[in-house]
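The values are calculated or read from the model by the stated rules, or taken from the named source; none is laboratory data. Treat the numbers as computed from the prediction; the structure is a model and nothing was measured. Every residue, glycine among them, receives a Cβ derived from its backbone with ideal geometry; neighbour counts consider all protein chains shown.
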Amino acid sequence: MEEPSARRGYAVFLGLDVGKGEHHATALDPEGHRMHDRPLPQDEHALRALFEQLSEHGRVLVVVDQPASIGALPVAVARDVGADVAYLPGLAMRRIADLHPGNAKTDARDAYVIAEAARTLPHALRRVDTGDEALADLEVIVGFDDDLAAEVTRVTNRIHGLLTQIHPALERAIGGKLHHKAILELLHRYGGPTGLRAVGKKRIANVVRPRAPRSHHAIVDAIMAALDEQSVTVPGTRAAELVLPQLADQLTALLAQREQAAAQVEEMLDAHPLAAVLTSMPGIGVRTGARILLEVGDGTTFPTPGHLAAYAGLAPVTRRSGSSIRGEHPSRGGNKNLKRAMFLSAFAALSDPTSRAYYDRKRAQGKKHNAALICLARRRCDVIYAMLRDGTPYQPGPATAA
């Protein structure tokens, strides 16, 4: 699909500020005159009627501020009637809105800003890939997995907090293994320090051994040593031991759901032709590969690797002001989801000799851990761009030591 910013010859630029029950549509001609400016129901027939009416003037470019969720129906209908579709990212929209007079925040103003950006700033637009059925399905499952991950973090932190409140030594002993099946089963059965102390070492070992065959001795010894460190009972312990089994059950169910979601993501990812290309690179697994694919597509939206790095927030920003401010700094902008996926994949790739050698060189130059990882992610961004552009799997280069 051709990049939106490269297209010419549009007769209508339609900006849609999408909403749950109603959108606002503003259509401009190439000279900037308004052709349409009114609310539009979230209804297929109303959307189709407007798109077909505007298409009588010539080629139509429909630009939305949200291509998924509440914006999915307008995108699908626009594609069905033959209109081109693009997406204006929220950060770009806010910056462009500052160039227009007035401080009002209304749907009509937002729709006009979107349409005007499509007419005058085509380079700010991004392609919408939701027409790809595999990517559309993948986006739903990945979004659900993201929600599950946030819930896992919330429940895990709650367990950490309760254990720290009633028995800090026990939290230190098992806090780093809360996702282990043996630890969750102990919390499910015995609640907390009082229940664990009551059943004794033998019954604890009977629970842990089948779920941690290799490390059960270390886990049991750490728990018993922690229980011996505290003899007093902190107020609130009884209530905490009623809550901890429920939290352990929630966490067990959430982790099982994440495993199921990962299997579904892997199955859907296999259906995309570029999935094998991405996952061939060290450090890119199912979840990070799916996220990169959703945010980047086939990479044709970006003219150069530098454009992709800037979009991901990995390109350094040069700041100069007279003689007082000089140098380059990490970017605070970019696509946060893509930046996180790139950063995590770079961290996971440290076991790869080539990636590790580059990371070590950056550390030898005096960079701290995170800064060296960002440099590695930026370098890997160039490789990912080339892999997507050529459709070729990862080919490791020679590892040069620091």
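Values for this structure:
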read-out: Check on Leu88, closer than 23 Å to Gly32 by Cα, at pLDDT 80 or above and more than 29 Å from the chain's Cα centre (by Cα); value: no
read-out: Ala239 being out of contact with any Phe, Trp or Tyr (no Cβ under 9 Å at 6 or more places or on another chain), small (Gly, Ala, Ser), in contact (Cβ under 8 Å) with a residue 12 or more places away in the chain and over 30 Å from Arg291 (Cα atoms); value: no
read-out: Options Ala349, Ala357: the member that is buried (at least 21 other Cβ atoms within 10 Å of the Cβ) and in the same structural domain as Leu294 (by TED's automatic domain parsing); value: Ala349
read-out: Hey, Asp382 over 22 Å from the mean Cα position of the chain (by Cα) and either at pLDDT below 95 or crowded, with 19+ Cβ neighbours inside 10 Å (or both) or not; value: no
read-out: Among the residues listed as Gly15, Gly71, the single one being outside the structural domain of Asn337 (by TED's automatic domain parsing), closer than 29 Å to Leu308 by Cβ and modelled with pLDDT of 90 or more; value: Gly15
read-out: Which numbered condition Gly161 misses (of (1) over 17 Å from the mean Cα position of the chain (by Cα); (2) assigned to a helix (DSSP H, G or I); (3) surrounded by 15 or more Cβ atoms within 10 Å (Cβ to Cβ)); value: (3)
read-out: Filter result (surrounded by fewer than 17 Cβ atoms within 10 Å (Cβ to Cβ) and out of contact with any strand residue (DSSP E or B) (no Cβ under 9 Å at 6 or more places or on another chain)) within the stretch 77-102; value: Asp80, Gly90, Leu91, Arg94, Arg95, Asp98, Leu99, His100, Pro101, Gly102
read-out: Residue within the stretch 358-365 that is modelled with pLDDT under 90, of a type in the set (Lys, Arg) and more than 23 Å from Asp298 (Cα to Cα) present; value: no
read-out: Per-region count, the stretch 174-191, residues assigned to a helix (DSSP H, G or I), in contact with a His (Cβ under 9 Å, 6 or more places away or on another chain) and not β-branched (Val, Ile, Thr); value: 2
read-out: Residue list for the stretch 359-402, restricted to those being without any contact (Cβ under 8 Å) to a residue 24 or more places away in the chain and not basic (Lys, Arg); value: Tyr359, Gln365, Gly366, His369, Asn370, Ala372, Cys375, Asp390, Gln395
read-out: Residues that are surrounded by 15 or more Cβ atoms within 10 Å (Cβ to Cβ) and of a type outside the set (Lys, Arg), drawn from the stretch 200-214; value: Ile204, Ala205, Val207, Val208, Ala212
read-out: Test for Pro41: is it within 26 Å of the chain's Cα centre (by Cα) and closer than 28 Å to Ile141 by Cα; value: no
read-out: Pro67 vs. criteria crowded, with 16+ Cβ neighbours inside 10 Å and assigned to a loop (DSSP other than H, G, I, E, B); value: yes
read-out: Flag if Ala49 is free of Cβ contacts under 8 Å to residues at least 24 places away in the same chain, part of a helix (DSSP H, G or I) and either aliphatic (A, V, I, L, M) or not assigned by TED's automatic domain parsing to the domain that holds Ala118 (or both); value: yes
